[in-house]
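Student: Structure in structure tokens, see below.
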């Protein structure tokens, strides 16, 4: 398969400290596609000045292996003006690393990095696409913080094949965690800079179906990333098996437990305990290694919609925990049902970040 000449796993603009936001072309939406093994989420955004507005969005589920038909349905959506969405990959076969290097230009960094790929990843260099970016380009230090990433070529090729067979043209691809970081940076994490401590960092846990991604950011710039292979499907499976109900009913009960709330808590206890253990391990490592405290954990992703999950994490982590409202600071087109999108918004963080990445 022809390799993507335009493939750029990480876009340096994600991490610029000072952004000059240019008005978007009026009426033209930028689209982000978050495609998993059983659903596709998309967000279509426009920009006017420094303001973003969601023009349309959607979540379409499908049986594993039937992504093409679901995508063809989206292709005929009149709200999707762009047929060249930005998409992303996650999970096994993707890796992000953070390293310190002698300060140099981005051109020299890419040359140096291309010669030392084997040093950073446990993959054959011929089997992966890689890229890198400088996280602190304005710093005067002799050392610079660098983010490097790799994705298995077969994953990229499979995604391109899926999207092109449905009629879409792939121009850019990144990693889910980078998309989430981009959304957090551009939308300021739903909080003003005045409320952020210069000596502390924030963590984001993006809870997917089979994997949760933990990212720690300082000054809204990523400094640590780790995949935790525990996801919301494990919670659904436990509820289904324990109560003897279908997975669909378990999924509904997870979001709307009603008078079974305490019972659901008890069923989820062991899964929450495993999550907490892995999160604490990562936080302790980061705090010890970087000598930077983490003052808050933000939750996003479909798994964050479990009723009471913030309380359960906060109680066990001894850390402030809240669900990240990605709609804060974003306008909604008058045609959108505000209650529906607000309810589903935790599932849109990756798609939102992908759409935002197209605005410099």
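The values are calculated or read from the model by the stated rules, or taken from the named source; none is laboratory data. Since the model is a prediction, treat every value here as computed from it, not as a measurement. Using ideal geometry, Cβ is built from the backbone for each residue, glycine included, and neighbour counts are taken over all protein chains shown.
Student: Tell me, yes or no, whether segment 214-234 has at least one residue that is outside any helix (DSSP H, G or I), closer than 22 Å to residue 343 by Cβ and in contact (Cβ under 8 Å) with a residue 24 or more places away in the chain.
Tutor: Within segment 214-234, one or more residues are outside any helix (DSSP H, G or I), closer than 22 Å to residue 343 by Cβ and in contact (Cβ under 8 Å) with a residue 24 or more places away in the chain.
This table checks each residue for (1) assigned to a loop (DSSP other than H, G, I, E, B); (2) assigned by TED's automatic domain parsing to the domain that holds residue 58; (3) modelled with pLDDT of 95 or more.
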site	(1), (2), (3)
304	no, no, no
307	yes, no, no
313	no, no, no
341	no, yes, yes
348	no, yes, yes
355	no, yes, no
360	yes, yes, no
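Student: Please verify whether residue 206 is surrounded by fewer than 19 Cβ atoms within 10 Å (Cβ to Cβ) and at negative phi, treating the condition exactly as stated.
Tutor: No, not satisfied.
Student: From the list 283, 299, which one is crowded, with 20+ Cβ neighbours inside 10 Å and touching a helix residue (DSSP H, G or I) at 6+ places or on another chain (Cβ under 7 Å)?
Tutor: Only one candidate qualifies: 299.
Student: While we're here: Is it the case that residue 142 is out of contact with any strand residue (DSSP E or B) (no Cβ under 9 Å at 6 or more places or on another chain) and not assigned by TED's automatic domain parsing to the domain that holds residue 215?
Tutor: It is false that residue 142 is out of contact with any strand residue (DSSP E or B) (no Cβ under 9 Å at 6 or more places or on another chain) and not assigned by TED's automatic domain parsing to the domain that holds residue 215.
Student: Sort out which residues of segment 186-208 are part of a loop (DSSP other than H, G, I, E, B) and modelled with pLDDT under 90, and write them in order of number.
Tutor: Once the filter is applied, which keeps residues that are part of a loop (DSSP other than H, G, I, E, B) and modelled with pLDDT under 90, segment 186-208 yields 187, 191, 192, 196, 197, 198, 199.
Student: If we scan segment 118-136, do we find a residue that is loosely packed, with under 13 Cβ neighbours inside 10 Å, at pLDDT below 90 and not in a helix (DSSP H, G or I)?
Tutor: Looking through segment 118-136, at least one residue is loosely packed, with under 13 Cβ neighbours inside 10 Å, at pLDDT below 90 and not in a helix (DSSP H, G or I).
Student: Please tell me if residue 326 is surrounded by 22 or more Cβ atoms within 10 Å (Cβ to Cβ), under 24 Å from residue 48 (Cα atoms) and at pLDDT below 95.
Tutor: yes
Student: So residue 256 fits all but one of (1) more than 18 Å from the chain's Cα centre (by Cα); (2) surrounded by 14 or more Cβ atoms within 10 Å (Cβ to Cβ); (3) in contact (Cβ under 8 Å) with a residue 24 or more places away in the chain; what number is the exception?
Tutor: All conditions are met except number (2).
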